[in-house]
Amino acid sequence: MIHFNQLPKFQKEYKRLLKKFPSLHSDLVDLEDIIVSLPTGSGKNFTILHSSENLKIVKTRMMCKTLRDRSIRLIYAHHANLITFVYIEMYYKGDKANEDRERIREYIEERVKNKGINYDRWIRDGFVKQTP
């Protein structure tokens, strides 16, 4: 069974954007249908920000019917071993230029610490901040 989860910060962003863009809920459901069949997406609308054996962080341009374009950005994590998707961030490109890299780093760092994975490579690549 496939699960879709949301970070608390994502939920706040989603509620705020839903007020501005009423079609957002149905747009997200449409996107979920796509990412269930192609977890990391396909084509120019999907970019893999981080890739490891069981965790991929993906940024996608999401179609919004209210806007009639792809100005909504969604950052999500795909956990291949758990068959789970976690929504990390959603933003409107007109309000914010880029994703919150610090939030992505924190998400990866939390998963690494909880799983006891060796993350020397992630520190070297700048995805996880090194703690003393």
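All but one of (1) out of contact with any helix residue (DSSP H, G or I) (no Cβ under 9 Å at 6 or more places or on another chain); (2) under 19 Å from E13 (Cβ atoms); (3) of a type in the set (K, R) hold for K65; which doesn't?
The one condition K65 does not meet is (1).
Based on this model, can you work out whether I88 counts as assigned to a strand (DSSP E or B), in contact (Cβ under 8 Å) with a residue 40 or more places away in the chain, of a type in the set (V, I, T) and crowded, with 19+ Cβ neighbours inside 10 Å?
It is true that I88 is assigned to a strand (DSSP E or B), in contact (Cβ under 8 Å) with a residue 40 or more places away in the chain, of a type in the set (V, I, T) and crowded, with 19+ Cβ neighbours inside 10 Å.
Would you check which residues across the stretch 92-107 are more than 14 Å from the chain's Cα centre (by Cα) and either more than 11 Å from E13 (Cβ to Cβ) or polar (S, T, N, Q) (or both) and list them?
K93, G94, A97 - these are the residues of the stretch 92-107 that are more than 14 Å from the chain's Cα centre (by Cα) and either more than 11 Å from E13 (Cβ to Cβ) or polar (S, T, N, Q) (or both).
Filter the stretch 35-52 down to the residues that are more than 15 Å from A80 (Cα to Cα) and surrounded by fewer than 16 Cβ atoms within 10 Å (Cβ to Cβ) and list them by number.
Result: S42, G43, K44, N45, T47.
Looking at M63, M90 in this structure, which one is within 30 Å of K113 (Cα to Cα) and either modelled with pLDDT of 95 or more or not polar (S, T, N, Q) (or both)?
Every option except M90 fails the conditions.
Looking at E53 and the list (1) closer than 21 Å to I2 by Cβ; (2) touching a residue at least 40 places away in the same chain (Cβ under 8 Å); (3) among the charged types (D, E, K, R), which single condition is not satisfied?
(2) is the only condition that E53 fails.
Would you call S52 among the polar types (S, T, N, Q) and in contact with a strand residue (DSSP E or B) (Cβ under 8 Å, 6 or more places away or on another chain)?
No; evaluated as a whole, the condition is false for this residue.
The values are calculated or read from the model by the stated rules, or taken from the named source; none is laboratory data. Just so we're clear, the structure is a prediction, and the values are computed from it rather than from any experiment. Glycine also receives a Cβ, built like all others from the backbone with ideal geometry; neighbour counts cover every protein chain displayed.
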